[in-house]
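The values are calculated or read from the model by the stated rules, or taken from the named source; none is laboratory data. It should be emphasised that the depicted structure is a prediction, and the values quoted were computed from it without experimental measurement. Cβ coordinates were reconstructed from backbone atoms using ideal geometry, including for glycine residues, and neighbour counts include every protein chain displayed.
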Amino acid sequence: MTALDPVLAKIDGNLEAALGRLFDFLRFRSISTDPAYKDECAKAAEWLAAELASIGCGASVRATAGHPMVLANIKAKRPDAPHLLFYGHYDVQPPDPLDLWETPPFEPRIAEAKGGKQIIARGAADDKGQLMTFVEAVRGFTETGGVPCHITFFFEGEEETGSPSLPAFLADNAAELRADLALVCDTGMWDKQTPAITIMLRGLAIEEVAIKAANRDLHSGIFGGAAVNPIHLLAKIIAGLHDSKGRITLPGFYDGVSELPEQIAQQWRGLAPRGSEFLKEVGLSVPAGEEGRGILEMVWSRPSCDVNGIFGGYTGKGSKTVLPAEASAKVSFRLVGAQDPVQIAKSLRAFVKERLPADCHAEFKPLASSPALELPFTSPALTLTRQALRDEWGKEPVLIGCGGSIPVVGDFKRSLGMDSLLIGFGLEDDRMHSPNEKYEFSSFHKGARSWARILNVLAS
C-alpha cells in the first residue's frame, strides 16, 4: 500500500456524496452575461467559499467591479512543500435556446448513454464539473491526513464574458496569488480513454486595415479604369500575404518560430487518423496552409494569417456602379513560440504601406495583441504529471496544443510570472455552450483521482 491509496479510496467512497455536491452547484443559474442573474452568481460564489471552508480552507468571497472572485488557501504540513494555484470559473453560458433542452438546464440529472453515464446540466463540463474534480481530490487528502502541497484556490465569475475584472484583480492581489505553478482545468482529454495535457497556446495579433483613395465614391462609368479602386488594391495586398506554398510573406514573420521536438512531432503523427477527419467535419477535404505540414501541426504549433472580414463600396441588394473611396479588412495572426505580436503588427503595416500608390494612404487600428505560451518540454512538472495521468488512465497522455487562446494563462504568465499546467477531463462532444451540455461520469470520477495523483507527484 502507498501513501496515496487511502486518498484514492476516500475519493471512491465519497463519489455519491460528491455527485450530490456537484448537483447542488449546478443548480445555481450563474449566468455572468445577464444582469438578471447577478444574485445567482453571488450565491454560487458564496456556496463555493462555504464548500472550501468545509474541507479546511481559509476561504473568502472578494468583490470586484463585476461578479465576485473566490479565494481560498490550505497549507501542507511540510513548510517547504510546493505552492500551487488552482484556477477555475463558476459562471456559465446562457442556456438558450431552451426548447432544445431535453430537460431543464439547471435541474441536473444522470443520463444513461452508450459507453457510460453522463451528467446533464448547464455548466456540467464548462466549468463546474471540472472545477469540482479538483475540490473533491483535495477533500480526499484532507479527510486522510492533509494535503501534500500548499494550495491557493482561485475561482472567478466572469470567464464567459471575457474576464473584465481579472487584470485589476491580479494586479491588486499578486502577492497572495503568486505560486510556483498554476493548474488550469478548463481544457479536455484527447478521447474518453486518453488523458491530455495542453502544452501550447497560440498567441494573437489582430489589425484592422483601411485603404483610402479618392476623396469620395466615384461613378465607375466616368472614373472606372482611370482611378484606383481601393478594393482591388486591398485584395492584391491580401493575396500577397501568402506565397504559393502557404508561407506568410511578412518580413521577419517566422522569427521566434521553432520546430517541434521530434518526440512531440512523432506523437502527433501517430494521431494522424484523427487529424485527417478534421476538415471532413466542416465539409472540406483539401488542407490549406503551409505545404508539407500536418493538420495538427498547423493548428497547434504553426502560426497563421487569416482575413476575418473585408468590406468596402456597395454591398446592398442589386447593383450600384461605384468606385469606393475606401476599403477595409480585419486581419488576424495566430502566433507561436517567441513571436512578438507588436512586431508582427509593425511588419504588416510596413508591408501594406510599401504597396500603396503615392496618392493613397492606409490607416490601422489594433484590435488584439497577446503572445503565445508554451510549457517547456523539459519541465519537471510536466514529466511528473504525465506519469500521474498514465498511472490513472493506463495510457500515455497526449501532449496537445490549442489553436486558440486561454487569456487567464497569459495573465498568469505576464502578471504573476507563473507557468501553467492545463489539464481537464472534458470531451469534444460535451456540448459546451450548447443545449444538453454533459460531462462524462467517468471524467468526474477519474478526474478527481487524477488530480490526487498529480498533487501527490508535484509534492515531490
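Side notes on the structure shown:
- Count - residues of region 98-119 that are of a type in the set (S, T, N, Q) and within 26 Å of the chain's Cα centre (by Cα): 1
- Long-range neighbours under 9 Å by Cβ, at least six apart or interchain, first residue among the charged types (D, E, K, R) within region 334-351, second buried (at least 20 other Cβ atoms within 10 Å of the Cβ) and in a loop (DSSP other than H, G, I, E, B): ARG334/ARG202; ARG334/ARG302; ARG334/PRO303; ARG334/ALA372; ASP340/PRO371
- For the residues LYS38, LYS77, LYS117, the requirement of being touching an Asp or Glu at 6+ places or on another chain (Cβ under 9 Å) and more than 23 Å from MET418 (Cβ to Cβ) singles out LYS117.
- Taken over region 258-286, residues that are surrounded by 14 or more Cβ atoms within 10 Å (Cβ to Cβ), in a loop (DSSP other than H, G, I, E, B) and either of a type in the set (S, T, N, Q) or at pLDDT below 85 (or both) amount to 3.
- Neighbours by Cβ (under 6 Å, 6+ apart or cross-chain): first from region 97-116, outside the structural domain of ARG27 (by TED's automatic domain parsing); second aliphatic (A, V, I, L, M) and at pLDDT 95 or above: none
- So ASN215, is it at pLDDT 95 or above, over 33 Å from the mean Cα position of the chain (by Cα) and either aliphatic (A, V, I, L, M) or surrounded by 13 or more Cβ atoms within 10 Å (Cβ to Cβ) (or both): no
- Qualifying residue in region 364-382 (condition: among the acidic types (Asp, Glu), surrounded by fewer than 20 Cβ atoms within 10 Å (Cβ to Cβ) and in a loop (DSSP other than H, G, I, E, B)): no
- Every listed requirement among (1) part of a helix (DSSP H, G or I); (2) closer than 21 Å to TYR439 by Cβ is met by ALA36 save one, (2).
- Selection status of ARG355, assigned to a loop (DSSP other than H, G, I, E, B), surrounded by 13 or more Cβ atoms within 10 Å (Cβ to Cβ) and basic (Lys, Arg): yes
- Filter result for GLY394 (surrounded by fewer than 18 Cβ atoms within 10 Å (Cβ to Cβ) and out of contact with any helix residue (DSSP H, G or I) (no Cβ under 7 Å at 6 or more places or on another chain)): yes
- The number of residues in region 299-319 that are in a loop (DSSP other than H, G, I, E, B) and without any contact (Cβ under 8 Å) to a residue 60 or more places away in the chain comes to 7.
Conditions (1) in the same structural domain as PHE141 (by TED's automatic domain parsing); (2) of a type outside the set (D, E, K, R); (3) more than 23 Å from the chain's Cα centre (by Cα); (4) closer than 22 Å to THR187 by Cβ, marked per residue:
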site: ALA63; (1), (2), (3), (4): yes, yes, yes, no
site: TYR87; (1), (2), (3), (4): yes, yes, no, yes
site: TYR90; (1), (2), (3), (4): yes, yes, no, yes
site: ALA124; (1), (2), (3), (4): yes, yes, no, yes
site: ASP127; (1), (2), (3), (4): yes, no, no, yes
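- Residue in region 322-338 that is out of contact with any strand residue (DSSP E or B) (no Cβ under 7 Å at 6 or more places or on another chain) and part of a helix (DSSP H, G or I) present: no
- Qualifying residue in region 221-241 (condition: within 24 Å of ALA288 (Cα to Cα), touching a Cys at 6+ places or on another chain (Cβ under 9 Å), at pLDDT 95 or above and surrounded by 16 or more Cβ atoms within 10 Å (Cβ to Cβ)): yes
- From the options MET432, MET418, residue that is farther than 30 Å from PHE23 by Cα and either among the aliphatic types (A, V, I, L, M) or free of Cβ contacts under 8 Å to residues at least 60 places away in the same chain (or both): MET418
- Verdict on GLN343 being surrounded by fewer than 20 Cβ atoms within 10 Å (Cβ to Cβ), polar (S, T, N, Q) and modelled with pLDDT of 95 or more: yes
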